[in-house]
Amino acid sequence: IRRPPRSTPKPSSAASDVYKRQVLGRCFHVLLSTRTYMVGHICIIQTTLPGSWLEAEVGAFCQQVLEVGAACVQHSPIHSIYRWEGKIEASAEWHLQIKVDPTKRDTVISTLEKQHPYEVPQIVWSTVESTNTYSSWVGSQ
């Protein structure tokens, strides 16, 4: 059965954020978001802790990080596979994701380096965009 072609809506005279796209013989109308956000920046620092630690011990470590300037610390159990001293190792660990204002990053990293139980701790960070509201909150902590 052959169907007649579908009609296409007429574009408005104003700038439109909808366009028509044909894929595999079907017509789709795609809405593009024209909303703009005020952009802020935060720093996300990540590290790991021994999986043998109790959650209360992880919480105490996180408390130290919060006391020196972090706004938020999320922790969750993970499994890591890594090379150590020429051997491939696998172990349970705790993953920490720390949100901090970029101006407080160095203080938080210094505390992590001093307090961390590992000989060579994973401490990595990046500066990311966030909503202005969230970055303002992070900066106020």
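See the values below:
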| item | result |
| --- | --- |
| Some residue of the range 123-140 being of a type outside the set (S, T, N, Q) and free of Cβ contacts under 8 Å to residues at least 24 places away in the same chain | no |
| Yes/no for Ile45 being touching a strand residue (DSSP E or B) at 6+ places or on another chain (Cβ under 6 Å) and assigned to a strand (DSSP E or B) | yes |
| Matching helices (runs of 4 or more DSSP H) fully within the range 48-141 where at least 1 residues are open to solvent by less than 80 Å² (accessible area, probe 1.4 Å), touching an Asp or Glu at 6+ places or on another chain (Cβ under 8 Å) and of a type in the set (A, V, I, L, M) | 132-140 |
| Single unsatisfied condition, Gln63 versus (1) in contact (Cβ under 8 Å) with a residue 12 or more places away in the chain; (2) farther than 23 Å from Tyr37 by Cα | (1) |
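This table checks each residue for (1) closer than 22 Å to Trp125 by Cβ; (2) touching a residue at least 24 places away in the same chain (Cβ under 8 Å); (3) of a type in the set (Asp, Glu); (4) in contact with a Leu (Cβ under 7 Å, 6 or more places away or on another chain).
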{"residue": "Val39", "(1), (2), (3), (4)": "yes, yes, no, no"}
{"residue": "Val58", "(1), (2), (3), (4)": "yes, yes, no, yes"}
{"residue": "Glu67", "(1), (2), (3), (4)": "yes, no, yes, no"}
{"residue": "Ile78", "(1), (2), (3), (4)": "yes, yes, no, no"}
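The values are calculated or read from the model by the stated rules, or taken from the named source; none is laboratory data. Keep in mind it's a predicted model, so treat the numbers as computed, not measured. Please note: Cβ atoms are built from the backbone with ideal geometry, for glycine as well, and neighbour counts cover all protein chains shown. In case anyone asks, the SASA skips ligands and DNA or RNA and just uses the protein heavy atoms, side chains included. Shrake-Rupley method; radii C 1.70, N 1.55, O 1.52, S 1.80 Å.
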